[in-house]
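Here is the structure we will look at, set down as structure tokens.
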Amino acid sequence: TTEVVGEFPELQGAMGRKYALLQGEHPSVATAIEEHYKPQGPSDRVPTDPVSVAVALADKLDTLVGFWAIDEKPTGSKDPYALRRAALGVVRILVENRVRLALTSLFDRAYQLANYLASGRPFSADLLAFFHDRLTVYLRDQGARHDLIDAVLSAGSRPISPLEGEM
């Protein structure tokens, strides 16, 4: 190992990409290594390469499902594991890439694959509600009217990505 990332953590994805290319990985794989933490904030671009999108979504959804499975959720102003940022990242990736996903199916599958030691109670509906809250924040930040957001989101458990077009 070169310890570059230890000294310069901001280079984590960039160095991973460079090393992957040097080792002969496919360019899409190298790009996914670089972009899987994106977006890291509201002004950061979202990944657009299909492999990058899949890896970024898998990483964020795995994190969120894991924390919901052990009943460790953000409360009030406390979000020590940046779960709101992860959920907003999922929302942005879905909306900005116009990806349609059945989130509750993904929650359930991630839970099964990880074999979490969980609280034993269903959490998909609660996690989906958390995503709807993040979608509301995203749409308000994009300048959508509050009354339109409320009208569209009150329609129930619809896929997230098409909602932007209805605003």
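The values are calculated or read from the model by the stated rules, or taken from the named source; none is laboratory data. Predicted, not measured: the structure shown is a model, and the values here were computed from it. Because the Cβ atoms are built from the backbone with ideal geometry, glycine has one as well, and the counts that use them run over all protein chains shown.
Listing for the model above:
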{"item": "Subset of the stretch 81-111 that is over 17 Å from Y37 (Cα atoms) and without any contact (Cβ under 8 Å) to a residue 40 or more places away in the chain - its residue that is surrounded by the most Cβ atoms within 10 Å (Cβ to Cβ)", "result": "D108"}
{"item": "Residue in the stretch 126-167 that is modelled with the highest pLDDT, counting only those that are over 20 Å from I93 (Cβ atoms) and surrounded by 11 or more Cβ atoms within 10 Å (Cβ to Cβ)", "result": "R145"}
{"item": "Tally of residues being at pLDDT 90 or above and either under 15 Å from G66 (Cβ atoms) or of a type outside the set (S, T, N, Q) (or both) across the stretch 77-109", "result": "20"}
{"item": "Counted residues, the stretch 16-28 - those being within 19 Å of V46 (Cα to Cα) and either surrounded by fewer than 16 Cβ atoms within 10 Å (Cβ to Cβ) or small (G, A, S) (or both)", "result": "3"}
{"item": "Tally of residues being surrounded by 15 or more Cβ atoms within 10 Å (Cβ to Cβ) and either within 21 Å of R92 (Cα to Cα) or assigned by TED's automatic domain parsing to the domain that holds L88 (or both) across the stretch 30-58", "result": "19"}
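Yes or no, residue by residue, for (1) among the acidic types (D, E); (2) assigned to a helix (DSSP H, G or I):
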position: T2; (1), (2): no, no
position: V5; (1), (2): no, yes
position: E10; (1), (2): yes, yes
position: A20; (1), (2): no, yes
position: S28; (1), (2): no, yes
position: L57; (1), (2): no, yes
position: T63; (1), (2): no, yes
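Per-residue answers, yes or no, for (1) of a type outside the set (V, I, T); (2) modelled with pLDDT under 95; (3) within 15 Å of F130 (Cβ to Cβ):
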residue: G13; (1), (2), (3): yes, yes, no
residue: L22; (1), (2), (3): yes, no, no
residue: V65; (1), (2), (3): no, yes, yes
residue: Q112; (1), (2), (3): yes, yes, no
residue: L117; (1), (2), (3): yes, yes, no
